[in-house]
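Novice: I have a structure I would like to understand better, so I am pasting it below and will then ask my questions one at a time.
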Amino acid sequence: MSMSEIRERGSADPKSDQPERNEAPRGKTGALMVNSVEKAFRVLSAFGRQHQTLNLSQVASETGMDLSAAQRFTHTLTKLGYLHKDAETKRFELTAKTLDLGYHFIRSSRLVDRAMPYLMHLSKETEETVNLTMREGTEIIFVSRFLSRHVLNTDVIIGTRMPAYCTAPGIAMLSRLPENEAMAVIDASDLKAHTPSTVWQRDALCEKIRQAAAQGYATAFEEVYLGDASIAAPILDHRGRPEGAVNVAVSCSRYSREEVVSRFSSLIIAAAHAISRV
């Protein structure tokens, strides 16, 4: 879209456009912040498993925009190929083009590139599901995943987010932060029991992080999904800070807690150490 086209659309409804330029994005301020870019990503982020398609009113509601602004942003994103609008239902949905950013991240990430041979080796050696995760705020994100024939949760794919406090990779990464930083992440988290086995109380999480720091790995048994066991070790950058984690996920029906540790702890520690830049 040319700048002249953008100016024409912006001048079509000056009253509705002006508040959009002046509106402070949610919790973000600063002279360098381009609000229109933030709003475009807000629209894209409104779609997901819970909202596979949205009409214009729903887009406005999900993003906190008025109808005029929602119309401009959905129109622009449709023209750019990131949204598709059904001609009959007038509902919007994401297109495959939205995968481009994720693809470019995977292809350009030095961590993913460095980890790939070790993840493949670990997958072949264990014949279990192997994941590479990174932390963003209070959550972990799956950035690479090698499935086994024993895979439990097909819902977990690249890009899936989970709370850091109740996952083995999350605890593993937090264990290599200064304790005050790790507990700040815990305090910012929405702590709750996802299953009867979830460790979610602050004091218990503090002890779990300390234990992971001492032993070099973290475990989680049925804390997010029933029947799921996970063991993870942190990947460190050149400063010794966590930049990711490698974990092995197995079924509790096939391994006891003791077997998970005895079979996989040394393997994931070795893999994480090989990927680390320390």
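Novice: Search the structure for amide H atoms under 5 Å from the amide H of Ile235, placed 1.01 Å from N in the peptide plane, and list their residues when 5 or more places away or on another chain.
Specialist: Distant-sequence amide H within range of Ile235: Glu243, Gly244, Ala245, Val246.
Novice: Rounded to the nearest 0.05, what FRET efficiency do Arg202 and Asp66 give with R0 = 45 Å and r taken as the Cβ-Cβ distance? Could you check?
Specialist: On the way: r = 40 Å, r/R0 = 0.90.
After rounding to 0.05, the efficiency reads 0.65.
Novice: Additional query: Applying the Karplus parametrisation 6.51 cos²θ - 1.76 cosθ + 1.60 with θ = phi - 60° to the phi angles of region 256-262, what ³J(HN,Hα) value in whole Hz is obtained for each residue in order, glycine and proline being reported as x?
Specialist: Here the 3J(HN,Hα) series is 7, 4, 5, 5, 4, 5, 5 Hz.
Novice: Follow-up. With +1 on each Lys and Arg Cβ and -1 on each Asp and Glu Cβ, and nothing else charged, work out how big the dipole of region 167-278 is about its Cα centre, in Debye to the nearest 20.
Specialist: On the way: 11 positive and 13 negative charges, 58 e Å.
Roughly 280 debye for region 167-278.
Novice: A further question on this structure: Let me spell out the model: positive unit charges on the Cβ of Lys and Arg, negative unit charges on the Cβ of Asp and Glu, origin at the Cα centre of the chain. What dipole size does that give, in debye rounded to 20? Please report the intermediate quantities before stating the final value.
Specialist: Values: 34 positive and 33 negative charges, 109 e Å.
Roughly 520 debye for the chain.
Novice: Between Arg110 and Ala193, what's the calculated FRET efficiency when r is the beta-carbon distance and R0 is 51 Å? Round to 0.05. Please report the intermediate quantities before stating the final value.
Specialist: Values: r = 37 Å, r/R0 = 0.72.
About 0.90, to the nearest 0.05.
Novice: At a Förster radius of 35 Å, what calculated FRET efficiency corresponds to the Cβ-Cβ distance of Leu32 and Tyr103, to the nearest 0.05? Before the final figure, lay out each step's value.
Specialist: Working: r = 27 Å, r/R0 = 0.78.
Taking R0 as 35 Å, the efficiency between Leu32 and Tyr103 is 0.80.
Novice: Taking the chain as the reference, fit the longest principal axis to its C-alpha atoms, fit the long axis of helix 99-108 to the helix C-alpha atoms, and give the angle between the two in degrees, 0 to 90, nearest 10.
Specialist: 50
Novice: Using 0.36 nm per residue, how much length does the chain from Ser262 to Glu127 gain when fully extended, once their Cα-Cα distance is taken away? Kindly include the intermediate steps, with their values, before the conclusion.
Specialist: Numbers: separation 135, 0.36 × 135 = 48.60 nm, distance 1.57 nm.
Net length gain for the segment: 47.0 nm.
Novice: Does anyone have the angle between helix 3-12 and the longest principal axis of the chain? Alpha-carbon axes, 0 to 90°, nearest 10?
Specialist: Rounded to the nearest ten degrees, it is 70.
Novice: What is the chain's relative contact order, in percent, from Cα pairs under 8 angstrom and six or more apart in sequence? Walk me through the numbers on the way to the answer.
Specialist: Values: 430 pairs, mean separation 36.4, N = 278.
Answer for the chain is 13 percent.
Novice: Here's a follow-up. How large is Rg/Rh for the chain, to two decimals, with Cα atoms and a Kirkwood Rh? Provide the component values of the computation, followed by the final result.
Specialist: Numbers: Rg = 21.9 Å, Rh = 20.9 Å.
With Rg and the Kirkwood Rh in hand, the quotient comes to 1.04.
Novice: For region 44-83, run through the trypsin sites (Lys or Arg not before Pro) and keep only the ones in DSSP coil with at most 10 other Cβ atoms within 10 Å of their Cβ. Mind dumping the intermediate values first?
Specialist: On the way: sites: Arg49, Arg72, Lys79; in loops: Arg49.
Those satisfying the criteria are Arg49.
Novice: Okay, next question. Given DSSP loops and a limit of at most 15 other Cβ atoms within 10 Å, what is the longest stretch of the chain that contains no such GluC sites (Glu not before Pro)? Display every interim value, and only then the final one.
Specialist: On the way: sites that count: Glu23, Glu88, Glu127.
In the chain, the maximal stretch lacking such sites is 128-278.
A short reminder: the numbers here are calculations on the coordinates, not readings from a lab. Note that the structure is a prediction, hence the values are computed from the model and not measured. For neighbour counting, all protein chains shown are included, and Cβ atoms are generated from backbone atoms with ideal geometry for every residue, glycine included.
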